[in-house]
1. Just to confirm, what accessible area per residue do you get for the chain at 1.4 Å probe, in whole Å²?
2. Ignoring ligands, DNA and RNA, how do Glu181, Glu110 rank by accessible area with a 1.4 Å probe, largest first?
3. Compute, for Leu14, the solvent-accessible surface of its heavy atoms (probe 1.4 Å) with the complete set of protein chains present, and express it in square angstrom to the nearest 10.
4. Using protein chains only and a probe of 1.4 angstrom, how many square angstrom of Val58 are accessible, to the nearest 10?
5. Could you tell me how far the Cα centroid of the stretch 148-206 sits from the Cα centroid of the stretch 108-143, in Å?
6. Sort Phe3, Phe51 from largest to smallest accessible area, using a 1.4 Å probe on the heavy atoms of the protein chains.
7. Which value in deg cm²/dmol, rounded to the nearest 500, describes the helix-derived mean residue ellipticity at 222 nm for the chain, given -39,500 (n - 2.57) per DSSP H run of n ≥ 4 and division by the residue count?
8. Rounded to a whole number of µm²/s, how large is the Stokes-Einstein D of the chain at 10 °C and 1.306 mPa s, given Rh as the Kirkwood radius over C-alpha pairs?
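The values are calculated or read from the model by the stated rules, or taken from the named source; none is laboratory data. If you're wondering where the values come from, they're calculated on a predicted model, not measured in any experiment. Cβ: placed from backbone, ideal geometry, glycine included. Neighbour counts: every protein chain shown. The accessibility values were calculated without ligands, DNA or RNA, using every heavy atom of the protein model including side chains. Shrake-Rupley method; radii C 1.70, N 1.55, O 1.52, S 1.80 Å.
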Amino acid sequence: MFFDPRIDPRPAPLLHNPLNALVGPRPIGWITTLDAAGVPNLAPYSYFNAFSADPPIVGFAPNARDGAGTPKDTLANLRVIPEFTASVVSMPQAEAMNRTSRALPPGVSEYTDAGLHPAPSERVRPPRVREARAALECVVFDIVALPARALGRGSHLVLAEVVGIHIDDTLIRDGRVDALELAQVGRLGYFDYATVSATFEMRRPD
């Protein structure tokens, strides 16, 4: 089949938008931001990736809460304090990561609700997830408003420079990060996830 997703993102016989299933697995940015009072917010974003190694740039796309364009806490926080951490989700943290996607009442911490603990950062103000085996400290470079369909929710692309990297020392073997030991979780389509359980090496022809 062929279809134009700008007209209809899930025409028959599709029941769900297939883009998430076709572009994946996607790494999960487990993003911590701070509000104006210094209260942390933790939320997972599967539209997250690295875009450049030098300079080190990562980005993620928080969409709006609703059709009125109400920003989620993450984006609202970044407009006040343009810094965040992106903690890496390994398989042992998958359930906790999923729990932090819940909408909680004001004053309830995602860290506490998910049984997690904040750890201090070195270069930015927001903490990182102590249980995560790797994390990136990031300073916002730009926030780009993305186009939206007439009945769609607005979305933004947050681009940031990585100014600090935390890696569990036990992950480093022969000068490399051991992907199998990290067991990173990625998002597929629908409610499906994957984890790194096998790798293969293929060198470039040049």
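1. With all protein chains present, the chain gives 61 Å² per residue.
2. Accessible-area ranking of Glu181, Glu110, largest first: Glu181, Glu110.
3. Here the residue's solvent-accessible area equals roughly 50 Å².
4. Probe radius 1.4 Å; accessible area of Val58 about 10 Å².
5. About 17 Å separates the Cα centre of the stretch 108-143 from the one of the stretch 148-206.
6. So, going from the largest accessible area down, we get Phe51, Phe3.
7. -2500 deg cm²/dmol
8. Numbers: Rh = 18.2 Å.
Rounded, D is 87 µm²/s.
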